[in-house]
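Structure record follows, encoded as structure tokens.
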Amino acid sequence: MKTLLKFAAVLILFLGFTSCDELDELTEIDFNTTLNESVFVSVPAGEDLVLNETMLININNSDTQDYLDVLQDVSITSFTYRLINFTGDANGTISGQFEADGVALVNHDMVIKDEVDAGTVFEVTDPSALNAIANSLKSGNNVSVGITGTSTCEEAMNFSIAVTIELAITADVL
């Protein structure tokens, strides 16, 4: 009889904890949002000039603003960027990297006009870097992203970097 009572008590506790987890899941909302940002890059004429153009990205947009205080999980499902709106030296180059908060995400040694004309979409795929960025965004921090390195061009160049970050978000509404 004591064994039966102990078994019943354990079963009731197990069901109670399981029910709490299921109830907690009912108060969660899952949604996706996309962060679209761009930074204008102006490169003066010259050889081996230092380049450092960055922008700040944060998670606050019309999809997330009501849930910023109750975010449970933020993950990046896609992080891409491309170079657009080029003007200037058709042979101008950049050697360096695309970074987030000082961490190199993609290395570059490229002729800018060629990448713009080709419509190249660069993708960030490093899971640890993506998780670090997602955790920073979830914590409400701004993330600095941009291009650093050196540039070489006979005449000045201008272009923009269009960044697209797709997020999957879980918020606990209660």
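Since every read-out is calculated from the coordinates, none of them should be taken as a lab result. Since we're looking at a predicted model, the values are computed, not measured. Neighbour counts are summed over all protein chains in view; Cβ atoms, including those assigned to glycine, are modelled from backbone coordinates with ideal geometry.
General observations
- Derived scalar couplings ³J(HN,Hα) [the range 91-98; Karplus, 6.51 cos²θ - 1.76 cosθ + 1.60; whole Hz; x for Gly, Pro]: 10, x, 10, 9, 10, x, 8, 8
- Folded to 0 to 90 degrees: helix 2-26 orientation relative to the chain principal axis, Cα: 30
- Nearest-ten-degree value, helix 127-138 long axis tilted from longest Cα axis of the chain: 70
- FRET E, pair residue 155, residue 48, Förster distance 25 Å, beta-carbon r, rounded to 0.05: 0.95
- The smallest convex shape that holds all Cα atoms of the range 108-174, its convex hull, gives 133 Å³ per residue.
- Per-selection metrics, the range 54-174 (Cα): Rg and Dmax in Å: 16.4, 59
- Summing +1 for each Lys or Arg and -1 for each Asp or Glu among the other residues whose beta-carbon sits under 14 angstrom from that of residue 34 gives -3.
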